[in-house]
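The values are calculated or read from the model by the stated rules, or taken from the named source; none is laboratory data. Bear in mind that the values here come from a model prediction, so they are computed numbers and not experimental data. We place every Cβ from the backbone using ideal geometry, glycine too, and count neighbours over all the protein chains shown. These accessible areas exclude ligands, DNA and RNA; they are computed on the full protein's heavy atoms, side chains included. Shrake-Rupley method; radii C 1.70, N 1.55, O 1.52, S 1.80 Å.
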Amino acid sequence: MTVEVYRGIDELRSALASVRSAGRPIGLVPTMGALHRGHGSLISRSAAELRPENGLTVVSVFVNPIQFEDRTDLERYPRTLDADRRLCEEAGADIIFAPTAREIYPDGFSSFVDMEGEFTQKLCGRARPGHFRGVLTVVCKLFHIVGPTRAYFGEKDAQQLFLLKKMAYDLDMDIRIVGCPTVRETDGLALSSRNARLAPQERAAAGCLIRALKEGQSASEDRLPGTAGTARAERAASVRASLIAAVEGEPSARLDYAELLDAETFGPVTDETGRVLLAVAAFFGETRLIDNVIADVGSGGKRDESR
Ligand code: AMP
């Protein structure tokens, strides 16, 4: 299956016009390229869902400059379009949209999607001010350019997924935002385009993220004798302390954040919380990695009371 690569907005729109006017659905997978199996899983999911409806899958490959607060990180971001094209073909994509920065942000560009409230200011938002404004703006533009029926995003970027769902809801975008599970290496490390930058020793150390998260997940879900009735907020605080200790215990890791939040509201964990998001970010050398898991504490809470 050959994948067409489009560079310009107008040529992409013309290619998609007949698809749209025939009422065929379009799936969009926004990426920054340097594609790996994690991206591949989003593309295959879109292809599997849309092919039976005679739809097609568009993968955007665009290293979005306005979501990088660090110029070196932007410049060092891997760009591998030929390999990306092969992965797209194997995963079942139909079209790649790989615009230049100038195509997306021509001279005089000055409109942005800004989300108010604390959602954008915690986790990665606190560590990377302006990051989500850049993400929401580019995804909003891609939605307008491509006109997808569905858009696929990874749960690895949990805050991004939460904010995109909120943007689509707040701004009445008639697009289904589909979250896809995190694809991992055999030791559990979440696949990321940034993993390629890790030195061997940093790569080995990076395994501490998922180990810490898994321990935190079972500690959150466990109903240990003597802890029945412990308020979930208290439990969350103690799990957070162990998460921090576990990552800080790895000499090659520099912790950025470790947080537990209510996965539905992105607010603090309370006794009403049913699913807890455990999220961490840490530097290994110059490379910042993030990961998260969900702990189901909802029904467990009821089990507590019946002990
Ligand atoms: P990126 O190219 O890093 O901007 O990622 C593009 C999309 O792929 C985002 O929706 C990510 O959440 C998703 N993604 C990145 N890594 C993974 C992974 N390991 N598993 C599943 N999805 C991923």
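Some observations on this one:
- Scattering curve values for segment 193-295, log₁₀ I(q)/I(0), Debye with Cα scatterers, q = 0.13 Å⁻¹: -0.47
- Where chymotrypsin sites (Phe, Trp or Tyr not before Pro) in DSSP loops with at most 16 other Cβ within 10 Å are excluded, longest remaining stretch of the chain: 113-307
- Degrees, to the nearest 10: 208-221 long Cα axis against longest axis of the chain: 60
- Rounded to the nearest whole Hz, the Karplus-based 3J(HN,Hα) values (6.51 cos²θ - 1.76 cosθ + 1.60, θ = phi - 60°) of segment 107-124 follow the sequence 3, x, 4, 8, 10, 9, 9, 10, 9, 7, x, 7, 4, 8, 9, 9, 6, 5, with x at glycine and proline.
- Restricting attention to the chain, close to 50% of DSSP beta bridges with both partner residues there are antiparallel.
- The angle between the Cα long axis of helix 131-146 and the longest principal axis of the Cα atoms of the chain comes to about 40 degrees, rounded to the nearest 10.
- All lysines inside 26 Å of LYS122 as judged from Cα atoms, apart from same-chain residues fewer than 8 positions distant: LYS141, LYS156, LYS165, LYS166, LYS214
- Rolling a 1.4 Å probe over the protein chains gives THR265 an accessible area of about 70 Å².
- Taking amide H as placed 1.01 Å from N in the peptide plane, VAL59 has its amide H under 5 Å from the amide H of VAL29, ASP94, ILE95, ILE96, PHE97, each at least 5 places away in sequence or on another chain.
- Cα-derived Rg over Rh, computed across segment 4-180 with Rh taken as Kirkwood radius: 0.94
- Binned Cα-Cα distance frequencies in the chain - 20 Å width, integer %: 31, 56, 13, 0
- Theoretical ellipticity at 222 nm over the chain - DSSP helices of four or more residues, -39500 (n - 2.57) apiece, nearest 500: -12500 deg cm²/dmol
- Between 0 and 90°, nearest 10: helix 9-21 axis offset from the chain longest Cα axis: 90
- Charge dipole (debye, nearest 20) of segment 203-294; +1 at Cβ of Lys and Arg, -1 at Cβ of Asp and Glu: 240
- Accessible area (Å², per residue) of the chain, counting only protein heavy atoms and a probe of 1.4 Å: 47
- Taking GluC sites (Glu not before Pro) across segment 87-129, the ones in a DSSP loop with at most 16 further Cβ atoms lying within 10 angstrom of their Cβ are GLU116.
- Those trypsin sites (Lys or Arg not before Pro) in segment 50-90 that DSSP places in a loop and that have at most 15 other beta carbons within 10 Å: ARG79
- Computed magnitude of the charge dipole of segment 74-168 (debye, nearest 20; Cβ of K, R +1, Cβ of D, E -1): 280
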